[in-house]
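A short worksheet on the structure shown next.
The values are calculated or read from the model by the stated rules, or taken from the named source; none is laboratory data. Note that the coordinates shown come from a computational prediction; the quantities given were computed from them, not determined experimentally. Glycine gets a Cβ as well: all are built from the backbone with ideal geometry, and neighbour counts include every protein chain shown.
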Amino acid sequence: MSVNAKSGDPSDEGTQVLGSELRVAVARIYSRFRSERGEGEMAEAAVIVLTALFKQGPQSLTELSRRARVTPSSMSQTVNRLVAGGHATRQKDPEDGRRVLFRLTPSGAEVARGALATRQDWLEGQLAQLSDEERLTLLQASRIMRRLADA
């Protein structure tokens with residue numbers, strides 16, 4: 001069994017093994033990111049919304065739902081809790097008064113920054129334990145994975 005299948009045939013055994021290994025590795029890393037929480041950090045759904053608003057700015061309920069891959073009704077519950085908790089606000093879209101945009105409050109931005117920092121600290125700690133060669137391999141792999149994701 002060869003992992004460097006050149007044929008590009010998705011039924012090739014090496015490609016299947018590589019695909020399986022990659023799916024498992026990405027899922028486990030994502031799971032670890034989700035489990036790396038600061039003391040008293042809120043639920044993952046709320047953190048996803050706060051970090052999306054922090055990174056991309058104001059967004060509609062539909063945009064947030066798509067990003068989190070949840071239904072609008074589920075996202076509505078999450079943003080209602082964030083608004084009630086003072087972490088986000090609702091405002092009319094200045095370009096389309098029918099749309100509502102959610103924006104971070106200073107409190108929400110602080111929570112988002114903290115969540116991102118906690119996860120980044122964990123990852124940097126893990127990467128620091130690797131050899132220079134392993135880190136270079138991961139750098140090359142991450143570039144390839146981004147290319148796959150953007151295809």
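Just a few scattered comments:
- Checking Ala88, Ala151, Ala84 one by one, the residue that is in contact (Cβ under 8 Å) with a residue 24 or more places away in the chain and of a type in the set (A, V, I, L, M) is Ala88 and no other.
- Test: Arg113 is free of Cβ contacts under 8 Å to residues at least 40 places away in the same chain and of a type in the set (Lys, Arg): no
- Being under 17 Å from Val47 (Cα atoms) and either over 20 Å from the mean Cα position of the chain (by Cα) or exposed (fewer than 12 other Cβ atoms within 10 Å of the Cβ) (or both) holds for only one residue in Gly108, Gly85, and it is Gly85.
- In region 1-50, the residues that are modelled with pLDDT under 90, farther than 22 Å from Leu116 by Cβ and acidic (Asp, Glu): Asp9, Asp12, Glu13
- Matching entry among Val26, Val49 (being aliphatic (A, V, I, L, M), part of a helix (DSSP H, G or I) and in contact with a His (Cβ under 9 Å, 6 or more places away or on another chain)): Val49
- The single condition among (1) in contact (Cβ under 8 Å) with a residue 12 or more places away in the chain; (2) within 20 Å of Phe33 (Cβ to Cβ); (3) of a type in the set (Ser, Thr, Tyr) that Ser107 does not satisfy is (2).
- Being on the phi < 0 side of the Ramachandran plot and outside any helix (DSSP H, G or I) is a property that Leu101 has.
- Which listed residue is under 30 Å from Arg28 (Cα atoms) and modelled with pLDDT under 95, from Leu53, Leu116, Leu82, Leu104: Leu116
- Residue, surrounded by the fewest Cβ atoms within 10 Å (Cβ to Cβ), within region 56-73, restricted to residues that are free of Cβ contacts under 8 Å to residues at least 12 places away in the same chain and part of a helix (DSSP H, G or I): Ser73
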